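Q: Have a look at the structure that comes next, please.
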Amino acid sequence: MTPDLVIANGTAVLPSGAAEVDVEVTGERISGIRAAGTGQGRERLDAAGRLVLPGGVDPHVHFLIAFMGQRSVYDFASGGIAALRGGTTTVIDFALQRHGGSMLAGLAHRRRQADPVVTVDYGLHQIVTDVTEQSLDELAGLREAGVTSLKVYTTYEDDGLRLDDGALHALMERAAQEGLRIVLHAENHEIIDRLRRKAVAEGNHAPRFHALTRPPITEIDAVGRAIAFSRDTGCALHILHLVAADALALVAAARAEGLPVTAETCTHYLALTEAALERPDAPHFVMSPPLRSEANREKLWQALREGPLTAVTSDEVSYSAEAKTIGIDCFADIANGCPGVEARLPVLFTLGVAEGRIGLERFVELFSGWPARMFGLGDRKGRIAPGFDADLVLIDPTSRRRMTSEDNYGPIGYTPYAGMELSGWPVATVARGAVVVRGGAYLGDEGRGRFLHRGPADTLQELR
Ligand code: URP
Ligand code: ZN
């Protein structure tokens, strides 16, 4: 039977390394890898001069979010299009447990928001805001519903998100029994709270005080504490958006000890430093944890080369430029977060591969392969191999273009990466066998994305 599609004459990054091959697709799956020029398909996508990568897996995005008084521009339709335009074919977003409410109800609500319109394949982490006997009894149901990770915030008390140490420890005890994993926003709330109140009271309102009131010790303490809880309970733990370099050693030591602990960093921490908080557009660069020093940035790159970091995520939050500036008079009022799901590929490719900080194969693992495995999708996503979903992105490694705010899909009006000259821009994205983006235009329908039932975490212990 002739395959439906052949992606011909590209340099594909396969599990065995980069090779000039034709990739054949039948239905939604990769059906064959042939020598270049020998593949067959009823439709042909010419990839000469292109790199063919597994579609990106971004396990940390916030589409359709209302937080700190602002709303995201993206919903699950537009956010998915932004992801696909940036070569990301799988995302993991979040379902929210309302305080005092049911987690399963929060999950059902989020799926009702996403399923009719979502344009990209997606999974959900469950945000836990209230640990009670009833909510702990829901954990098995979450696992059966394909949600195998529980998000905990150790701060954002005013927004009703924070769990204290007692609740986190209790949750980890039970999650370990259920084979679930914690994904943690790790910042020490008490230290932040004291420093923020003091800065605000003393009239220190400039955006740079966002970083000064969240010093590295806030991350180091929260990461160390959670690792101790993981050791005590046996619960698998993933540290979200890690930036403080001194916390890397804690993760590395935990992994060396054999604990089921992993960590990611985000695109913005690899590209930017706290110097951005002195710019006239400083509110655009307010996210938590905050941007840190240049020396810290290089240590993150080292941790991507040598461990312990095993994923680069976007922590996408699409507030508009206008919404971000609403708190200009006081850093404490600026909604935290920045857009990045679309820029993740060219930023990571340029700073990483083109500038020689990481090799092409490692880039592919950090962008796609390892996040797929870490989040229970390693049997179908993140690899160019027969039987895997035909999720692919074709990039032009030689293209160079300065990024502008227009490069973000939709009316966001800014990107943190404006002015950077980037390469590796996506030219086409294939999602489950269909060419869904070509030249930046989305060719699919709303609702074509699918909810992904995820399996247990793989903590990549062989990478220790
Ligand atoms: O500043 C950030 N990271 N905003 C998004 C919400 C979160 O903390 O993950
Ligand atoms: Zn967070």
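The values are calculated or read from the model by the stated rules, or taken from the named source; none is laboratory data. This one's a predicted model, so the numbers in the text were calculated from it and none came from an experiment. Cβ placement follows ideal geometry from the backbone for every residue including glycine, while neighbour counts extend to all protein chains displayed. The accessibility values were calculated without ligands, DNA or RNA, using every heavy atom of the protein model including side chains. Shrake-Rupley method; radii C 1.70, N 1.55, O 1.52, S 1.80 Å.
Q: Note down the magnitude of the dipole of segment 1-82 about its Cα centre, charges +1 on Lys and Arg C-beta and -1 on Asp and Glu C-beta and zero elsewhere, to the nearest 20 debye.
A: 80
Q: HN-Hα J couplings of segment 436-444 from phi, Karplus 6.51/-1.76/1.60, θ = phi - 60°, integer Hz, Gly and Pro as x?
A: Per residue, the Karplus-derived 3J(HN,Hα) values read 9, 9, 9, x, x, 8, 7, 10, x Hz.
Q: Here's another thing I want to ask about it. Roughly what would the spin-label model give for ASP159 and GLU190, points 7 Å off Cα along C-beta, in nm?
A: 2.3
Q: Round to the nearest 0.05 the FRET efficiency obtained for ASP46 and ASP445 when R0 = 22 Å and r is the Cβ-Cβ distance.
A: 0.30
Q: From zero up to wherever the largest Cα-Cα distance of segment 286-443 sits, split into 10 Å bins and tell me the percent of pairs in each.
A: Percent of pairs per bin, in order: 10, 33, 38, 18, 2, 0.
Q: What does the extension gain come out to for VAL200 and THR2, with contour length at 0.36 nm per residue minus their alpha carbon separation?
A: Residue separation times 0.36 nm, minus the Cα-Cα distance, leaves 64.6 nm.
Q: A follow-up question, please. Around THR26, which amide H atoms from residues at least 5 apart in sequence, or from another chain, sit under 5 Å from its own amide H, with H modelled in the peptide plane?
A: Those lying under 5 Å, H to H, from THR26 are ASP4, SER31.
Q: With θ taken as phi - 60° and the coefficients 6.51, -1.76 and 1.60, list the Karplus ³J(HN,Hα) couplings across segment 251-256 in order, rounded to whole Hz; mark glycine and proline as x.
A: Calculated HN-Hα couplings, in order: 5, 4, 5, 4, 5, 4 Hz.
Q: Right, another one. What value, in deg cm²/dmol to 500, does the helix sum -39500 (n - 2.57) over DSSP H runs of n ≥ 4 give at 222 nm once divided by the residues of the chain?
A: Helix contribution divided over all residues of the chain: -8000 deg cm²/dmol.
Q: Read phi for every residue in segment 80-94 and hand back ³J(HN,Hα) as whole Hz from Karplus 6.51 cos²θ - 1.76 cosθ + 1.60, θ = phi - 60°, with x for Gly and Pro.
A: After applying 6.51 cos²θ - 1.76 cosθ + 1.60, I find x, 5, 4, 4, 5, 4, x, x, 9, 10, 9, 10, 10, 9, 9 Hz.
Q: What angle, in degrees between 0 and 90 and rounded to the nearest 10, separates the Cα long axis of helix 165-178 from the longest principal axis of the Cα atoms of the chain?
A: 40
Q: Then there is this: Could you tell me how many degrees, from 0 to 90 and to the nearest 10, lie between the Cα long axis of helix 103-114 and the main elongation axis, the longest principal axis, of the Cα atoms of the chain?
A: That works out to roughly 50 degrees.
Q: What does DSSP give for the chain in terms of the percent of beta bridges that are antiparallel, rounded to the nearest 5?
A: Around 50 percent antiparallel, to the nearest 5.
Q: Another one. Please identify every one of the GluC sites (Glu not before Pro) in segment 301-359 that sits in a loop by DSSP and has no more than 11 other beta carbons within 10 Å of its own beta carbon.
A: When the GluC sites (Glu not before Pro) of segment 301-359 are filtered for loop state and at most 11 Cβ neighbours within 10 Å, GLU355 remain.
Q: Output needed for segment 413-464: three equivalent-ellipsoid semi-axes, defined as square roots of 5 times the C-alpha gyration tensor eigenvalues, in descending order, whole Å.
A: Working through the eigenvalues yields semi-axes of 28, 23, 13 Å.
Q: Moving to a separate point now. Provide, as a two-decimal number, the C-alpha radius of gyration of the chain over 2.2 N^0.38 Å, N being how many residues it has.
A: 0.93
Q: Quick query: amide H of GLY179 versus all other amide H atoms, modeled in the peptide plane; which residues come in under 5 Å with a sequence gap of 5 or more or a different chain?
A: Under 5 Å from the amide H of GLY179 lies no amide H from a residue far enough along the sequence or on another chain.
Q: Also: Quick one: with all protein chains in place, what share of the accessible area of the chain is carbon or sulfur, to the nearest percent (1.4 Å probe)?
A: Solvent-exposed carbon and sulfur of the chain make up 49 percent of the total.
Q: Here is a follow-up. Please identify the trypsin sites (Lys or Arg not before Pro) of segment 87-144 that satisfy two criteria: DSSP loop assignment and at most 16 other Cβ atoms within 10 Å. Which are they?
A: ARG98
Q: Determine Rg/Rh for segment 68-122; Rg is computed over alpha-carbon atoms and Rh is the Kirkwood hydrodynamic estimate from the same atoms.
A: Result for segment 68-122 is an Rg/Rh of 1.02.
Q: Under a crude label model (7 Å from the Cα following the beta-carbon direction), how far is THR404 from ARG112 in nanometres?
A: Those two pseudo-labels are separated by 4.2 nm.
Q: Based on the Kirkwood radius over alpha-carbon pairs, what is the Stokes-Einstein translational diffusion coefficient of segment 1-59 at 25 °C with 0.890 mPa s viscosity, in µm²/s?
A: After rounding, the answer is 214 µm²/s.
Q: Report the antiparallel proportion of the DSSP beta bridges in segment 7-118 as a percent, rounded to a multiple of 5.
A: 65
Q: Going by amide H atoms built from the backbone, whose H comes under 5 Å of the H on MET420, apart from near neighbours?
A: MET403
Q: Between helix 189-201 and the chain, what is the angle of the helix's C-alpha long axis to the longest principal axis, kept within 0 to 90° and rounded to the nearest 10?
A: The answer is roughly 70 degrees.
Q: Shifting gears a bit: For LYS324, list the lysines whose Cα falls under 25 Å from its own Cα; do not include residues on the same chain fewer than 8 positions away.
A: By straight Cα distance, LYS324 reaches LYS151, LYS198.
Q: Per residue, how large is the accessible surface of segment 162-235? Use a 1.4 angstrom probe and give square angstrom.
A: Each residue of segment 162-235 exposes 41 Å² on average to a 1.4 Å probe.
Q: Compute the distance in nm between two label points, each set 7 Å from the Cα along the Cα-to-Cβ direction, one at ALA275 and one at LEU463.
A: Each label point is offset 7 Å from its Cα along the Cβ direction, giving 2.9 nm.
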